[in-house]
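Structure first, then comments.
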Amino acid sequence: MMTNKYSIYIPSRARYSDKLALTAHALKNNHVDFKLVIEPQDEFNYCQNFDANYILVMKENDMGIAYVR
């Protein structure tokens, strides 16, 4: 896995499929380290497509992108 100078965090909601998570899959396929920041309600679906080391689960659901930042 490639080590980044800066951390890469991708706020994501309900974009766990191969057709929707294009940036995440591109980074994963190029062995770039990143984190998908997701809500607890989406955790199961994301875990079906990504390893746990790519996932960072927020504490609450439905808080929006401002909460992630």
Could you list, in sequence order, all residues of region 31-69 that are more than 14 Å from ILE10 (Cβ to Cβ), open to solvent by 50 Å² or more (accessible area, probe 1.4 Å) and in a loop (DSSP other than H, G, I, E, B)? HIS31, ASP51, LYS59, GLU60, ASN61, ASP62, MET63
Region 5-30, residues that are in a loop (DSSP other than H, G, I, E, B) and among the hydrophobic types (A, V, I, L, M, F, W, C): ILE8, ALA14, LEU20, ALA21
Quick one: in region 1-19, of everything that is over 16 Å from ILE55 (Cβ atoms) and among the polar types (S, T, N, Q), which residue is modelled with the lowest pLDDT? THR3
Can you tell me which residue within region 20-30, out of those that are in contact with a strand residue (DSSP E or B) (Cβ under 9 Å, 6 or more places away or on another chain) and buried (at least 18 other Cβ atoms within 10 Å of the Cβ), is modelled with the lowest pLDDT? ALA21
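The values are calculated or read from the model by the stated rules, or taken from the named source; none is laboratory data. Predicted model only: the values in this text are computed from it and were never measured. Cβ coordinates were reconstructed from backbone atoms using ideal geometry, including for glycine residues, and neighbour counts include every protein chain displayed. Surface areas here come from the heavy atoms of the whole protein model, side chains and all, with no ligands, DNA or RNA. Shrake-Rupley method; radii C 1.70, N 1.55, O 1.52, S 1.80 Å.
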